[in-house]
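Remarks on the structure that follows.
The values are calculated or read from the model by the stated rules, or taken from the named source; none is laboratory data. Here the structure is a predicted model, which means the values were calculated and not measured. Using ideal geometry, Cβ is built from the backbone for each residue, glycine included, and neighbour counts are taken over all protein chains shown.
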Amino acid sequence: MAETVSQTLSEELFSFLQQERFVTLATIDHETGAPALHSLSWTFAESVQLIRFAVNNRSRILANIAKQPEVVLHLIVADSSYAVNGRAAIKTDRMAEVPLKLAMIEMEIYSVRDIMFYGSRISVEPQYEKTYDKNAAMKLDGQVMAALRKGP
C-alpha cells in the first residue's frame, strides 16, 4: 500500500479515538536520547488536529516530552496501521476529578501516515482486558475519559 499522508485525522481515526483504545506512543528518552515506546489506553481526540492522553504523573513520558516534545502515536485500526506525528505538551501534572495522580498531555497533530506494509491488512485489532476489579476499572475509565473530554 502506498503511504497516505494527511495533516489531520480522518473521520474514521477521529471516531476511533472517541473512547478508550490501545495505542502506542513513541518518545525520545530524556537521558539516553534513544527512542522509547509506551503503551497507552486513555486517549481522546478533541478534534482532527488535537489528541489528549492521560499518563501516571510519575511516568517517564513526562520527562521525555518536557525535553523533546516531538512524538509519534501509533494506531492499529480500520484494517491498517497509522503513525500520527505531532508535538506534545504537558497541560497539567494532576488531573482534577480523577482519584489517581494522572497528568494530561495534548498532542498537536502535524501528519498522519498509513504505514501498513505493501499487500497486507490488519485482520484483528488489538484487544486488552483490565486485570483488576471490573467495576473499579469502569468507574476509573469513565472519570479519566470525562476529564480528557473536558480538557485542561
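The table for this structure:
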| item | result |
| --- | --- |
| Sole residue being at positive phi and surrounded by fewer than 18 Cβ atoms within 10 Å (Cβ to Cβ), chosen from 63, 78 | 78 |
| Of all residues making up segment 1-54, the number that are under 25 Å from residue 150 (Cα atoms), of a type in the set (A, V, I, L, M) and without any contact (Cβ under 8 Å) to a residue 12 or more places away in the chain | 0 |
| Criterion: among the basic types (Lys, Arg) and under 14 Å from residue 144 (Cβ atoms) - qualifying residue of 60, 94, 87 | 94 |
| Residue in segment 105-121 that is surrounded by 13 or more Cβ atoms within 10 Å (Cβ to Cβ), hydroxyl-bearing (Ser, Thr, Tyr) and over 21 Å from residue 46 (Cβ atoms) present | no |
| Residue, farthest from residue 56 (Cα to Cα), within segment 85-120, restricted to residues that are hydrophobic (A, V, I, L, M, F, W, C) and touching a Lys or Arg at 6+ places or on another chain (Cβ under 8 Å) | 107 |
| Subset of segment 11-32 [surrounded by 16 or more Cβ atoms within 10 Å (Cβ to Cβ) and not hydrophobic (A, V, I, L, M, F, W, C)] | 20, 21, 27, 30 |
| Segment 91-110, subset among the acidic types (Asp, Glu) and modelled with pLDDT under 95, residue nearest to residue 51 (Cα to Cα) | 93 |
| All positions within segment 108-148 that are assigned to a loop (DSSP other than H, G, I, E, B) and of a type in the set (A, V, I, L, M, F, W, C) | 115, 116, 117, 122, 124 |
| Tally of residues being in contact with a strand residue (DSSP E or B) (Cβ under 6 Å, 6 or more places away or on another chain) and of a type in the set (D, E, K, R) across segment 22-45 | 1 |
